[in-house]
Amino acid sequence: MHKLLTIAIPTYNRAKLLDKQLAWLAQAIKGFEDNCEILVSDNCSTDNTQEVIKKWQTTLSNITFNSNKNSQNLGVVKNIMYCLNYTTTKYVWTIGDDDPIQDRAIAYVISKLKQYEDLSLLFLNFSGRNQITGEPVHPPTIVGNRWFDIDSEDGEGDGKTIFEHCFSKSVGAVIFLTATIYRTDLVKRALRNWQDAENNWISLAYLAGYCAANGRVIVTKETYLECVVGVSYWQKEPKSALLMQYKHIPEVILKLEKSGYSKQFCRRMLLQNGKEVNLKVFLGALRRWPMSAIKTVIPFLALVSLCALDVMVSKEFRLAESSEISRSEVRIYKL
């Protein structure tokens with residue numbers, strides 16, 4: 001019998017956290033062993049990660065439990081992409097090794113995957129908590145500690161419209177690894193269409209958008225996990241802030257347009273990103289890496305300028321068209 005879902009965990013040098021996550025999984029997956037496979041991808045850890053994996057492979061001998069160890073540290077995104085490409089089940093859920101997930105989440109996910117055979121994307125709603133203070137956090141555009149302010153439990157809404165709303169409200173929500181279940185064939189097709197996605201830190205947004213554009217989408221009303229907000233993997237890279245704001249986000253938006261999203265939506269997102277970039281990030285990078293900073297920012301400024309010009313021309317065209325229609329109506333009335 002073909003399995004329905006792969007639960008994949010990319011990990012690196014966090015054996016204690018992995019052990020805790022696998023202990024949660026061993027409990028939560030009971031009753032769904034025939035529907036699921038487990039995959040752990042070790043990004044060439046130097047701690048006792050392999051011992052933890054072997055321990056749980058023995059404990060969970062009644063379920064398909066695959067493991068991989070990269071010959072070198074490929075970086076977080078490439079390790080995630082390995083999990084997605086390796087999967088052979090209909091759906092794949094790639095979870096963080098440290099994200100708190102409710103026990104009921106697996107039962108909910110399996111029930112929805114069985115209920116809607118044409119499901120292409122499932123967003124599990126989540127709450128946010130500051131890693132240091134422990135206080136609830138949420139995007140500035142959303143009220144309440146529920147990251148997605150839209151729900152589509154019945155999967156009846158337009159997939160593109162749902163994704164556009166989620167993406168425009170919070171890019172962080174659609175790239176939160178543990179919140180997303182993809183249909184495997186779609187996510188693999190998306191990766192074939194953009195083979196350099198592994199070098200973009202928010203390419204998960206593109207993968208989610210691609211899936212949303214090609215099938216039914218569910219966003220849960222209730223929260224099933226928690227996002228502990230701290231220092232993200234990309235924030236540890238010296239040039240990360242510059243690349244994220246001025247290169248990676250625009251790159252993803254352009255890829256979404258190629259995937260079928262409207263020009264109007266993508267132009268609006270590019271302009272929104274242009275307004276939100278932090279000038280201090282550029283100035284700081286300019287002092288440290290002048291040539292690299294200039295090479296990164298110039299294409300960004302050119303792109304945003306073209307978008308602004310395009311929007312202005314479109315508005316003028318619509319106004320002229322509207323004015324012409326009004327004049328035509330006056331002539332008809334006089335006749």
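Results, tabulated for the structure shown:
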{"read-out": "Single match in Glu51, Glu37 (criterion: within 11 Å of Ala8 (Cβ to Cβ) and either of a type in the set (Asp, Glu) or in contact (Cβ under 8 Å) with a residue 60 or more places away in the chain (or both))", "value": "Glu37"}
{"read-out": "Criterion: part of a helix (DSSP H, G or I), free of Cβ contacts under 8 Å to residues at least 60 places away in the same chain and either outside the structural domain of Glu222 (by TED's automatic domain parsing) or buried (at least 16 other Cβ atoms within 10 Å of the Cβ) (or both) - qualifying residue of Ile110, Ile106, Ile80, Ile162", "value": "Ile162"}
{"read-out": "Answer residue from the range 1-16, given it is within 22 Å of the chain's Cα centre (by Cα) and of a type outside the set (Val, Ile, Thr) and is farthest from Asp97 (Cα to Cα) among those", "value": "Leu4"}
{"read-out": "Test: residue in the range 113-132 that is in contact with a Ser or Thr (Cβ under 9 Å, 6 or more places away or on another chain), within 30 Å of Asp47 (Cα to Cα) and among the β-branched types (Val, Ile, Thr)", "value": "no"}
{"read-out": "One residue from Ser71, Ser41, Ser61 being within 19 Å of Leu191 (Cα to Cα), small (Gly, Ala, Ser) and out of contact with any Leu (no Cβ under 9 Å at 6 or more places or on another chain)", "value": "Ser41"}
{"read-out": "From the options Leu306, Leu279, residue that is modelled with pLDDT of 85 or more, aliphatic (A, V, I, L, M) and surrounded by 12 or more Cβ atoms within 10 Å (Cβ to Cβ)", "value": "Leu306"}
{"read-out": "Failed criterion for Leu18 (all others in (1) among the aliphatic types (A, V, I, L, M); (2) under 30 Å from Leu119 (Cα atoms); (3) touching a Leu at 6+ places or on another chain (Cβ under 7 Å); (4) buried (at least 22 other Cβ atoms within 10 Å of the Cβ) hold)", "value": "(3)"}
{"read-out": "Residue in the range 92-107 that is touching a Leu at 6+ places or on another chain (Cβ under 6 Å) and over 22 Å from Val174 (Cβ atoms) present", "value": "no"}
{"read-out": "Residue in the range 89-103 that is surrounded by the fewest Cβ atoms within 10 Å (Cβ to Cβ), counting only those that are among the acidic types (Asp, Glu) and touching a strand residue (DSSP E or B) at 6+ places or on another chain (Cβ under 9 Å)", "value": "Asp98"}
{"read-out": "Complete set of residues in the range 1-35 that are outside any helix (DSSP H, G or I) and more than 28 Å from Gln72 (Cα to Cα)", "value": "Met1, His2, Lys3, Leu4, Ile29, Lys30, Gly31, Phe32, Glu33, Asp34, Asn35"}
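Here is a yes/no grid of residues against (1) more than 26 Å from Val109 (Cα to Cα); (2) β-branched (Val, Ile, Thr):
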residue: Thr178; (1), (2): no, yes
residue: Thr184; (1), (2): no, yes
residue: Glu198; (1), (2): yes, no
residue: Tyr206; (1), (2): no, no
residue: Lys221; (1), (2): no, no
residue: Glu226; (1), (2): no, no
residue: Val252; (1), (2): yes, yes
residue: Tyr261; (1), (2): yes, no
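The values are calculated or read from the model by the stated rules, or taken from the named source; none is laboratory data. Bear in mind that the values here come from a model prediction, so they are computed numbers and not experimental data. We place every Cβ from the backbone using ideal geometry, glycine too, and count neighbours over all the protein chains shown.
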